[in-house]
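Here's the structure we're looking at; comments come further down.
All of the numbers you see were taken from the coordinates with simple rules; none came from a lab. Keep in mind the model is a prediction, meaning the values are calculated, not measured. FYI the Cβ positions are ideal-geometry reconstructions off the backbone, even for glycines, and counts take in every protein chain you see.
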Amino acid sequence: MLTSAQFLQAPGLQSRSRVARCSRLMKAATPVHTGPHTEAATPIPPTISRPYRVGTVKRKTKETEVEVTLNLDGTGICAVDTPVGFLNHMLDQIASHGLFDLTVKARGDVWIDDHHTVEDIALALGTALSQALGDRKGIHRFGEFSAPLDEALTHVVLDLSGRPHLSCNLTIPAQRIGNFDTELVEHFFMSFSNTSGTTLHIRQLAGKNSHHIVEATFKAFARALRRACEYDERRAGQIASSKGVLTQQ
Ligand SMILES: [Mn+2]
């Protein structure tokens, strides 16, 4: 059986980071009894402990009162109670296609319009996401998805980089879907991006029906976000950044 020093001197293990990693693995390996005629046991990598990835945010201003709970490792359970009907429908898309458990309770000055309520829900959702992600270790970080809804097709690409950015080219023909002001769609994503530290690109590739265009966008966003938040098994708990951090701008 090789000693630790012999193992670390083997060809291909000379880079400092690999030596450190192998050294950690060897220390963590369970000692295995080997008889005189058996080969040395392969070191067993330690089990990676994972945090409970839930974010809870309460936000109260003179305009709105919002509570959001987001569980990244959920099953798509959605409980939303807000005065903005169309937004409830879209939050449901995020939970169901992102496989997040999402609770949103909101009250707001909707007698003015839906602007403050939609904005503050998005801000709270972004904060909850950032809180749930913590140090962002081991996640894929990038995610993309193209979702159709009948004639509509939207492509969403995102990066949980820690840096807020939104590029959005949605062209929604109707000014309103029911009572919902379609201008608020872009504003929702901008607000989410700002508090979650997400680089977000939204490209509408096709679509005529406003409800379809917006819903396809939320579905693509949910799927892309799910992928970005999920653990990359090959990453083995490391941060997916050559800089070493995803939480600073
Ligand atoms: Mn719909």
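Values computed for the structure shown
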| quantity | calculated |
| --- | --- |
| Radius 13 Å from Cβ of Asp181, net charge of other residues (Lys, Arg +1; Asp, Glu -1) | -4 |
| Computed FRET value (nearest 0.05) for Val245 with Glu186, which takes r as the C-beta separation and R₀ as 22 Å | 0.15 |
| Local net charge near Asp109, Cβ-Cβ under 13 Å (Lys/Arg +1, Asp/Glu -1) | -3 |
| Potential lengthening between Arg107 and Asp73 on full extension [0.36 nm per residue; Cα-Cα distance subtracted] | 9.6 nm |
| Binned Cα-Cα distances of segment 143-249, short to long, each 10 Å bin given as a whole percent | 15, 42, 28, 11, 3 |
| Shape call, segment 54-233: gyration tensor on alpha carbons, a/c limit 1.5 | oblate |
| Label-to-label distance, nm, for residues given as His201 and Ala236 (7 Å Cα→Cβ offset) | 3.1 |
| Within straight-line cross-link reach of Lys58, lysines at Cα separation under 28 Å, skipping those fewer than 8 residues along the same chain | Lys105, Lys137, Lys219 |
| Segment 195-249 shape via C-alpha gyration tensor axes, a/c threshold 1.5 | prolate |
